[in-house]
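See structure below.
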Amino acid sequence: MSARRLTRRNLLLGSAALVPLLSRRADAFGEKSRFIPAVARHGGRWDLRLSGLRRIAWELQRRTSVEVVPDARPFALGSPELFEYPFLYFGGEGSFPALTEAEVANLRRYLTYGGFLLADANDGSDGDGFDSSFRREMARVLPQNPLAPVPSNHVVFKSFFLLDSAPGRLLNKPQLMGAMLGKRAAVLYSQNDLAGAWSRSESGDYEFDVSPGGEPQRELAVRMGINICMYALCLDYKDDAVHLPLILNKRR
Amino acid sequence: MNSPTFNAWKLVSLSPLPAWALVLLALGLVLGVALAAWGVRREPSRGRRILLWALRVGAGVAALFFLLEPGIRHLQVARMKNRVAVLVDRSASMSFPSEPGGPTRSAQVAAFLERAAPQFAALQDRFTVEMYGFDPELAPVTPASLANEPARAGTTDLLSAVRSAAGAGQGSRKLSGVLLLSDGADNTELKAGVVGRARAALADLNVPVSTFTVGQEALKDLAVEGLKVDDFAFVRNSLTVEVEIHGRGFSGREVPVVLSQEGKTVASKTVRLESSDDVKPVSFTFTPDQTGRFVYTVTVPTFPDEAVADNNSRSFTLKVIRDRVRVLLVVGRPSWDERYLRGLLRQDANVDLVSFYILRTLSDDPGVVNDQRELSLIPFPMEEIFDTKLDTFDVVIFQNFGHADPSLSIAEYERNLERYIHNGGAFVMIGGDSVLGEGRATMPTLMEALPVAAAGPANPEPFTPRLTPEGLRHPVTSIGTGAASTEAAWAELPPIPGANLTTARPGATVLMDHPHLTANGKNAPLVAVWDYGRGRSMVMATDASWYWAFAAHRDGSPNRAYDRFWGNALRWLVRDPDLTTLKVTADPPSVEPGRPVGVVVQARMADYQPAQDAQVRVELFSVTTQKPVAVQTGTTGADGVVRLEFPPPAPGPYKLLASAKKGETDLGSGEDAVAVRAVGPELSDASVRPELMEQIAKVTGGKSYKLPQDGLPDVPLLDPPVVEVGRAKDQPLWDRWYYLVALIALLGAEWFARRRFGYV
């Protein structure tokens, strides 16, 4: 992983891009119904992609009608305040210690009553590191609803952009994993470090190179991020009968 | 004093000796005869032996005669008269002609009874002849009354009549037989024939029932029979109505059958009747498009030479209810408020959700080269949903939907929406930063139909909403099992972050308000409702009711307040019959001819408390003539309920239009439908059933006949088994001198013979 070089041009562009968000009223009416990403604070390295979350919120604001508050809000997994933020990002690099029973119970309740969790292996691990720890904890949180591959016809691949795969900074696994509660995917899990592809430094440069696809893959990762946010907000809206004929026609 | 007339006699013993003494003496005599026989057993002459035996036996018999003192008892006897019941059918079908152009069936029975009068008189020696008409209660009749009083009963119940006859009559006199005069058109227990329990009941009577069938089978008639339809149907779901067209005398004819709803043809078919007595099933499948109770009628044409015209149509009421509430959800942009409302509506099996979200506005840049191929977006079909298809939705929800951008502005369709609500639709406006005074889209025409008006900038401060006194009882906010439970349920919910500032319009009902945010000196409404025209609308002046769905679970306890609130709101908006303030129910929904029309009205106040002492006015409105027929008024009791009754109206479909007031307060209006049938079961099938009459006679041991008859035939009747004893007189037989001489002569002859033969 290598950070991009900070240039004056990039810094100016990045700052200019954030102007529309900063100009909004800090405590505006309707803020709580806007998209505000919450970040899970766990015992490992949980805060490596905060800039990526800020960036994807900004992209959501720019590309869609969704109104956002871009600053991610970190919370302990046992915090009742989580219940004001239905979108929770759970990322990390390397393994992390087991969650407490209270955290497991709170997270289970959060997911059961409508919360959404985007998990992201920032280290691109598979069978070790973050992947191992996260799968272990998910088996405790939702023992009856194990993680399973998300099929390519799932609504998350058409919730805004029409996509076929879910690349991130890496492309270890082309598809997402998910834990379903009824018909709703309460958890989506990427082993491709999605937020790594979104992250920008304070100067506005992308923090990490994307491989193997380079910038086109980064764009797909951003689109996937927007689709995931849209899914959290709109659920299966794009599976409604009124959309299906048009979407099928577009996919031909 | 006249000597009594004796008409019977019998031989009796007049001996004063008790029976045991007589028995002992008789045994002594037998012993004497036996000893005599024993004493002459060695007599070699067979002639002497027989002579001696005969003399002793004769003497013994003579002695026994004197001991028993026989006599003749003269008697005066009389037989008790049993009953014979003559039962005449008085049901309405007996008013039909017995044959085309002939007298009525009742008149033919009356003529027969007149002709049979001498035979009935002859029966009076042994039987009491009782003549009844049954309708189905037994009432005495005479041939004259049968001819003069038309038969009117709505049912024919032959078994009940025969049973009643067996139990009727004077004292304990038994029934020796029944003469049943009817057309056999039974429509109760024997409708299916003499089978099962009806057969056993007839056999258990142990009385011969002789039947006299009146009327000819060759009646010409077309009837709508065998109606099969559910009591209720779902709106916009297909429904099948099945009837049978029974044609007699219409062989080879094609008959049109029409199903209509209150004068409007719904469907029609043609059936071909193959034989002279044919039954053809007809089924109509149609889709009701409105909820409510409606009168439907199945009709066949009336031909000039038909026996009964009234059975050519059959009306029924059908309650059309919604199976699923069709909801149009239009969302200004994705938000958590939208996400939880969608989740709720999607999981509700009673909701058919159609939703449109504005996912991208003109100012958004998705960063794609080819919109069509890279985005899943579809055009916003404004004309389709706000014009052509608007009326197909039960509820329209705008969730923070307000765009000034011409491509997304609904200014062109605001009047459509306002009319939709006014004409009976339901609308919900959910607040946010684009509506109710926020944003640039003011939607003035649509706002006319809402119970609140924008009153200034929104307030972003978190607050705990306050339940108003009206909200405590209103079905929308009544989320508990009672007022206290509702109050407690709302109190448990977390504060919500901010509300639009609005003010209630006159006539609106504010169910929840802001505890300290005010407009025009009044607390700002959070949830307000009202009736607009024939429709209803509701405003939720915040975009954060999702806090009740998600944040309410932060402390761990499950909370269903959000689900209940929105569930209640939908039911109230679509006027769930259980949530109307004036509930009108026809009682019963289908009325037999000649019966009064009943209606139950339940009135409630705006806060859904029973409206006691409310003045209720109900109009019986004929759908056929489109004119009111009668009006009834009444006052509700403590439970808010009153039952009113109209005198029997003419057959046809009717609407019951009710309104209520309490003092000057209007409690609203409501309606129901009622079908007054043209014919009951009696006239819907007027066919003569000789086979049923034959079966009745066969099972009971009677005989079956067909009218006309010249007189009463020899019908089987049980003989009276009981004899009544009157006076008696004894005449002794033994006190004659020659009986004594005979005894002495026999004894003397035996003594002489014994001496002569050497035994003495």
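The values are calculated or read from the model by the stated rules, or taken from the named source; none is laboratory data. In this text, all values refer to a predicted model and were calculated from it rather than measured experimentally. Neighbour counts are summed over all protein chains in view; Cβ atoms, including those assigned to glycine, are modelled from backbone coordinates with ideal geometry.
Taking strands (runs of 3 or more DSSP E) that fall entirely within the range B:552-636, which contain at least 3 residues that are free of Cβ contacts under 8 Å to residues at least 24 places away in the same chain? Let's see the steps before the verdict.
Working: elements: B:582-586, B:597-603, B:615-622, B:627-635.
So the answer is B:627-635.
Matching residues to (1) of a type in the set (Gly, Ala, Ser); (2) surrounded by fewer than 24 Cβ atoms within 10 Å (Cβ to Cβ); (3) over 16 Å from the mean Cα position of the chain (by Cα):
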residue	(1), (2), (3)
A:ARG169	no, no, no
A:ASN172	no, yes, yes
A:GLY182	yes, yes, yes
A:LEU188	no, no, no
A:GLY196	yes, no, no
A:GLU215	no, yes, yes
A:ARG218	no, yes, no
A:LYS238	no, no, yes
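Would you confirm whether any residue within the range B:359-382 is in the same structural domain as B:VAL529 (by TED's automatic domain parsing), modelled with pLDDT of 90 or more, of a type in the set (Val, Ile, Thr) and surrounded by 19 or more Cβ atoms within 10 Å (Cβ to Cβ)?
no
Tell me which residues, restricted to the range B:362-385, are more than 9 Å from chain A (Cβ to nearest Cβ), over 60 Å from the mean Cα position of the chain (by Cα) and in a helix (DSSP H, G or I).
Scanning the range B:362-385 gives a single hit, B:ASP371.
Of the residues B:GLY567, B:GLY556, only one is under 21 Å from B:GLU492 (Cβ atoms), within 14 Å of chain A (Cβ to nearest Cβ) and of a type in the set (Gly, Ala, Ser); which?
Just a single option satisfies the conditions, and that option is B:GLY556.
Looking only at residues that are free of Cβ contacts under 8 Å to residues at least 40 places away in the same chain and not β-branched (Val, Ile, Thr) in the range B:56-93, which one is surrounded by the fewest Cβ atoms within 10 Å (Cβ to Cβ)?
Filtering the range B:56-93 down to residues free of Cβ contacts under 8 Å to residues at least 40 places away in the same chain leaves B:57, B:60-61, B:64.
Narrowing further to those that are not β-branched (Val, Ile, Thr): B:60, B:64.
Numbers: B:GLY60: 20, B:LEU64: 15.
Among residues in the range B:56-93 that are free of Cβ contacts under 8 Å to residues at least 40 places away in the same chain and not β-branched (Val, Ile, Thr), the one surrounded by the fewest Cβ atoms within 10 Å (Cβ to Cβ) is B:LEU64.
Residue check, B:ALA561 against (1) modelled with pLDDT of 95 or more; (2) within 14 Å of chain A (Cβ to nearest Cβ), all met but one. Which one?
Unmet for B:ALA561, out of (1) modelled with pLDDT of 95 or more; (2) within 14 Å of chain A (Cβ to nearest Cβ): (1).
Identify, from the list B:VAL300, B:VAL295, the residue that is more than 23 Å from B:GLY424 (Cα to Cα), in contact (Cβ under 8 Å) with a residue 60 or more places away in the chain and among the hydrophobic types (A, V, I, L, M, F, W, C).
B:VAL300
Output the qualifying pairs, or none if there are none: Cβ atoms under 9 angstrom, residues six or more apart or on different chains, first residue in the range B:531-546 and among the aromatic types (Phe, Trp, Tyr), second residue assigned to a strand (DSSP E or B) and buried (at least 24 other Cβ atoms within 10 Å of the Cβ).
B:TYR532/B:PHE427
Of all residues in the range B:494-524, count the ones that are within 14 Å of another protein chain (Cβ to nearest Cβ) and surrounded by fewer than 19 Cβ atoms within 10 Å (Cβ to Cβ). Quick ask: steps written out before the conclusion?
So the first thing to find is which residues in the range B:494-524 are within 14 Å of another protein chain (Cβ to nearest Cβ), and the list is B:494-502, B:514, B:517, B:524.
Narrowing further to those that are surrounded by fewer than 19 Cβ atoms within 10 Å (Cβ to Cβ): B:495.
The qualifying residues number 1.
Kindly establish whether B:VAL40 is closer than 24 Å to B:ALA745 by Cα and of a type in the set (A, V, I, L, M, F, W, C).
yes
Quick one: would you say B:SER276 is more than 19 Å from B:LEU227 (Cβ to Cβ) and not β-branched (Val, Ile, Thr)?
yes
Yes or no, residue by residue, for (1) closer than 30 Å to B:SER355 by Cβ; (2) without any contact (Cβ under 8 Å) to a residue 60 or more places away in the chain; (3) within 11 Å of chain B (Cβ to nearest Cβ); (4) in a loop (DSSP other than H, G, I, E, B):
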{"position": "A:LEU163", "(1), (2), (3), (4)": "yes, no, yes, yes"}
{"position": "A:PRO174", "(1), (2), (3), (4)": "no, yes, no, yes"}
{"position": "A:ALA186", "(1), (2), (3), (4)": "yes, no, no, no"}
{"position": "A:GLY204", "(1), (2), (3), (4)": "no, no, no, yes"}
{"position": "A:PHE208", "(1), (2), (3), (4)": "no, no, no, yes"}
{"position": "A:PRO212", "(1), (2), (3), (4)": "no, yes, no, yes"}
{"position": "A:ILE228", "(1), (2), (3), (4)": "yes, no, no, no"}
{"position": "A:ALA232", "(1), (2), (3), (4)": "yes, no, yes, no"}
{"position": "A:ILE247", "(1), (2), (3), (4)": "yes, no, yes, no"}
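Looking at B:ALA449, B:ALA488 in this structure, which one is away from chain A (no Cβ under 14 Å), surrounded by 22 or more Cβ atoms within 10 Å (Cβ to Cβ) and farther than 18 Å from B:SER545 by Cβ?
After applying the criteria, what remains is B:ALA449.
Quick check on A:ARG73: is it more than 9 Å from chain B (Cβ to nearest Cβ) and within 14 Å of the chain's Cα centre (by Cα)?
yes
Mind counting the residues in the range B:203-227 that are buried (at least 21 other Cβ atoms within 10 Å of the Cβ), over 26 Å from the mean Cα position of the chain (by Cα) and either farther than 14 Å from B:LYS703 by Cα or aromatic (Phe, Trp, Tyr) (or both)?
Matching residues across the range B:203-227 total 5.
Could you pull out the residue among B:ALA165, B:ALA185, B:ALA161 that is crowded, with 24+ Cβ neighbours inside 10 Å and over 19 Å from B:GLN108 (Cβ atoms)? Working first, answer last.
Working: B:ALA185 fails: over 19 Å from B:GLN108 (Cβ atoms); B:ALA161 fails: over 19 Å from B:GLN108 (Cβ atoms).
Criteria check complete, one pass: B:ALA165.
Would you mind stating whether B:VAL428 is within 13 Å of another protein chain (Cβ to nearest Cβ) and in a strand (DSSP E or B)?
No: the conditions fail for B:VAL428.
So that you can scan it fast, the table gives a plain yes or no per residue for (1) assigned by TED's automatic domain parsing to the domain that holds B:GLY71; (2) surrounded by 14 or more Cβ atoms within 10 Å (Cβ to Cβ); (3) under 30 Å from B:LYS729 (Cα atoms):
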site: B:ALA19; (1), (2), (3): yes, no, yes
site: B:LEU27; (1), (2), (3): yes, no, no
site: B:VAL30; (1), (2), (3): yes, no, no
site: B:LEU35; (1), (2), (3): yes, no, no
site: B:GLU43; (1), (2), (3): yes, yes, no
